[in-house]
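K.L.:
Input: one structure, supplied below.
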Amino acid sequence: VLDGINLKIKKGEVIGIIGKTGSGKTTLLDLILGFIKPTEGKILMDEKNIFDLNRSWVKIIGYVPQETFLIDGTIRNNITFEFNNNFNKELLEKAVNVSEVKNFTNQNLKGENLDAVVGDRGISLSGGQRQRIGIARALYKDPKIIIFDESTSSLDLETEKSVMESIYKLKRDNTLIIISHKNSTIEKCDKIYEIKEQKLFQVK
């Protein structure tokens, strides 16, 4: 699927990766996450092979998928996955502020603020709000690297713009990798790469 990929990402950079469906974006993502091993070459962090780091590599990564899975619980439950008030208040506060989760005002939400119940699979929320919870969930882990995998592809243009503004606020404290098939999603990235014909080309 991929052949001779060379990529260096510096701390604090925002990297965009684009490509058509089937071009290899998911494979590249799986390699970065450590789900699969390359048949040749290495994936290094600070000159250390990520496959020698055991779970310490996974612990510094936050992942925001295309569809954010929500349980029928409160907004707080869905961010922290803690149900006995055994959560980190400082990390939660930071996560909801950056992702703008605190601004939810849906009339059909059962409750107020973080105690509001989202309903089965987040039925009481819009697509943009569900994605913001996904961002907050990733931030709550206090990751050093955050990967956004087609995280805004199902949103309308106005909502996508708002969500992307929330994402770019993370730039100072985190390294961001944004995978998309739309140029508009990654236009503000520091560097943009395109996967085409098994190769990786820098286009910005």
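K.L.:
From Asp120, Asp149, Asp115, grab the single residue that is over 29 Å from Lys10 (Cβ atoms) and in contact with a helix residue (DSSP H, G or I) (Cβ under 8 Å, 6 or more places away or on another chain).
P.N.:
Criteria check complete, one pass: Asp115.
K.L.:
Separate question: Considering only region 24-61, state which residues are of a type in the set (Gly, Ala, Ser) and within 20 Å of the chain's Cα centre (by Cα).
P.N.:
Gly24, Gly34, Ser56
K.L.:
The conditions are (1) in contact (Cβ under 8 Å) with a residue 12 or more places away in the chain; (2) part of a loop (DSSP other than H, G, I, E, B), and Pro38 fails exactly one of them. Which is it?
P.N.:
(1)
K.L.:
Could you please give the count of residues in region 24-49 that are touching a Gly at 6+ places or on another chain (Cβ under 8 Å) and either aliphatic (A, V, I, L, M) or exposed (fewer than 13 other Cβ atoms within 10 Å of the Cβ) (or both)?
P.N.:
The number of residues fulfilling the criteria is 1.
K.L.:
Taking region 46-69, which residues are of a type in the set (A, V, I, L, M, F, W, C), touching a residue at least 12 places away in the same chain (Cβ under 8 Å) and in contact with a strand residue (DSSP E or B) (Cβ under 9 Å, 6 or more places away or on another chain)?
P.N.:
Once the filter is applied, which keeps residues that are of a type in the set (A, V, I, L, M, F, W, C), touching a residue at least 12 places away in the same chain (Cβ under 8 Å) and in contact with a strand residue (DSSP E or B) (Cβ under 9 Å, 6 or more places away or on another chain), region 46-69 yields Ile50, Trp57, Ile60, Ile61, Val64.
K.L.:
Same structure, new question: For region 185-192, does any single residue satisfy the condition of being buried (at least 22 other Cβ atoms within 10 Å of the Cβ), hydroxyl-bearing (Ser, Thr, Tyr) and closer than 30 Å to Gly4 by Cβ?
P.N.:
yes
K.L.:
Among the residues of region 148-162, what is the count of those that are among the hydrophobic types (A, V, I, L, M, F, W, C), open to solvent by less than 10 Å² (accessible area, probe 1.4 Å) and without any contact (Cβ under 8 Å) to a residue 40 or more places away in the chain?
P.N.:
0
K.L.:
Tally time: how many residues in region 1-17 are farther than 12 Å from Cys189 by Cβ and in contact with a Cys (Cβ under 7 Å, 6 or more places away or on another chain)?
P.N.:
Counting residues in region 1-17 that are farther than 12 Å from Cys189 by Cβ and in contact with a Cys (Cβ under 7 Å, 6 or more places away or on another chain) gives 0.
K.L.:
List the residue pairs whose Cβ atoms are under 8 Å apart, where the first residue sits in region 70-99 and is farther than 15 Å from Glu112 by Cα, the second is of a type in the set (Phe, Trp, Tyr) and surrounded by fewer than 19 Cβ atoms within 10 Å (Cβ to Cβ), and the two are 6 or more positions apart or on different chains.
P.N.:
Here the result reads Thr80/Phe87, each pair linking region 70-99 to a residue that is of a type in the set (Phe, Trp, Tyr) and surrounded by fewer than 19 Cβ atoms within 10 Å (Cβ to Cβ).
K.L.:
Just name the residue that is farthest from Tyr140 (Cα to Cα) out of those in region 163-197 that are of a type in the set (S, T, N, Q) and either touching a strand residue (DSSP E or B) at 6+ places or on another chain (Cβ under 6 Å) or in contact (Cβ under 8 Å) with a residue 60 or more places away in the chain (or both).
P.N.:
By that ranking, first place goes to Asn183.
K.L.:
Just for region 5-23: of the residues that are of a type in the set (Gly, Ala, Ser), part of a loop (DSSP other than H, G, I, E, B) and open to solvent by less than 60 Å² (accessible area, probe 1.4 Å), which one is farthest from Leu200 (Cα to Cα)?
P.N.:
Out of the qualifying residues, it is Gly12.
The values are calculated or read from the model by the stated rules, or taken from the named source; none is laboratory data. Small disclaimer: the values here were computed from a predicted structure and weren't measured. Positions of Cβ are generated from backbone atoms using ideal geometry, with glycine treated the same way; all protein chains shown enter the neighbour counts. Note: areas computed on protein heavy atoms with side chains; ligands, DNA, RNA excluded. Shrake-Rupley method; radii C 1.70, N 1.55, O 1.52, S 1.80 Å.
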